[in-house]
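Below is one structure, written out as structure tokens, with a few remarks after it.
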Amino acid sequence: MNCSDVDRVIDPYCDSELGTTEAGDVRAHLDVCPACQQRVAARESLGRLIRLVPYYQAPDRLRVAVATARPPSRFALRWAGRPVRVSPRILAWAATVALAVSLGGGTVIRVIRTRHTDAATAAVAQDVVAGHVRALTGDHLFDVRSTDQHTVKPWFLGKLDFSPPVVDLAPLGFPLVGGRLDHLAGRPVAALVYQRRQHPINLFVWPAADTGEAAADTREIRGFQVQHWTHDGMAFWAVSDLNRTELDQFVHALSQ
Ligand SMILES: [Zn+2]
């Protein structure tokens, strides 16, 4: 394998897409060719930079445009007055890097997004406590009053565009006592009501905005314990005037 052979397979080599034999041939050449070593190193550091850039879902219109565009073969660029061949894949990467740099770098974007999410979560937590208090003081805790999960779960059918998971936790000390429709975070949600001694627990459930799993986030607001987590594509918010240990036990019981 010579330098132009390496040049031809540098993309698949760096993406670990070459067969064992061909990859071995490239490595053998790299051992004796500092110029190719340097090109591979540059290509790999570009790859690492790309992996730091956060991904965004392309709008459908853009995806259709990309899918139906005629694939260019190779672009002729000029570098220091001499023509340079650049593969479309490298161009696509370079465009992504240029985008990341023009937006101020991936880390900055991530920090801004995290702060934004934190603020949004805090606002929902306030909403959750308000919903809990409203249900208790407005005397509208139940639309369906039952300790039977097979009565409560079907009650939501046709009233929401999702089906909340409903489990009875009576054997674990948190009997299900009913449910109702509620409105939180700008959307209709399922409210399941559980009880521990004389303390009601509201468990609000709705489809999560992103499908990743998240561990419980605990906070105390105006004397109420609030826990939030996501599981199986659903966002869960538990709120009660129980102490933190007992609400922890409830959340634990739910995830068993
Ligand atoms: Zn070489």
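On full extension, the segment bounded by Arg244 and Arg43 gains 67.2 nm, given 0.36 nm per residue less the C-alpha separation. Rg of the Cα atoms in segment 112-218, relative to 2.2 N^0.38 Å, amounts to 1.12. Here r is the Cβ-Cβ distance between Ala23 and Thr211 and R0 is 45 Å; the resulting FRET efficiency, rounded to 0.05, is 0.80. Largest first, the residues Leu169, Leu157 sort by 1.4 Å accessible area into Leu157, Leu169. Here the calculated FRET efficiency for Thr151 and Glu220, from their Cβ-Cβ distance with R0 = 45 Å, stands at 0.85, rounded to the nearest 0.05. A simple rule links phi to the HN-Hα coupling: the Karplus curve 6.51 cos²θ - 1.76 cosθ + 1.60 with θ = phi - 60°, which for segment 227-242 gives 10, 10, 7, 10, 7, 6, x, 10, 8, 10, 10, 10, 9, 6, 8, 4 Hz, with x for Gly and Pro.
Mind checking Rg over Rh on segment 188-256, alpha carbons, Kirkwood formula for Rh?
On the way: Rg = 11.6 Å, Rh = 12.2 Å.
Taking Rh as the inverse mean 1/r over Cα pairs, Rg/Rh reads 0.95.
3J(HN,Hα) along segment 160-166, derived from phi through the Karplus expression 6.51 cos²θ - 1.76 cosθ + 1.60 where θ = phi - 60°, amounts to 10, 8, 8, 10, x, x, 10 Hz, with x in place of Gly and Pro.
The values are calculated or read from the model by the stated rules, or taken from the named source; none is laboratory data. Since this is a predicted model, take the numbers as computed values, not measurements. Cβ sites come from the backbone with ideal geometry, for glycine too, and all protein chains shown count toward neighbours. Note: accessible area is taken over every heavy atom of the protein model, side chains too, but ligands, DNA and RNA are not part of it. Shrake-Rupley method; radii C 1.70, N 1.55, O 1.52, S 1.80 Å.
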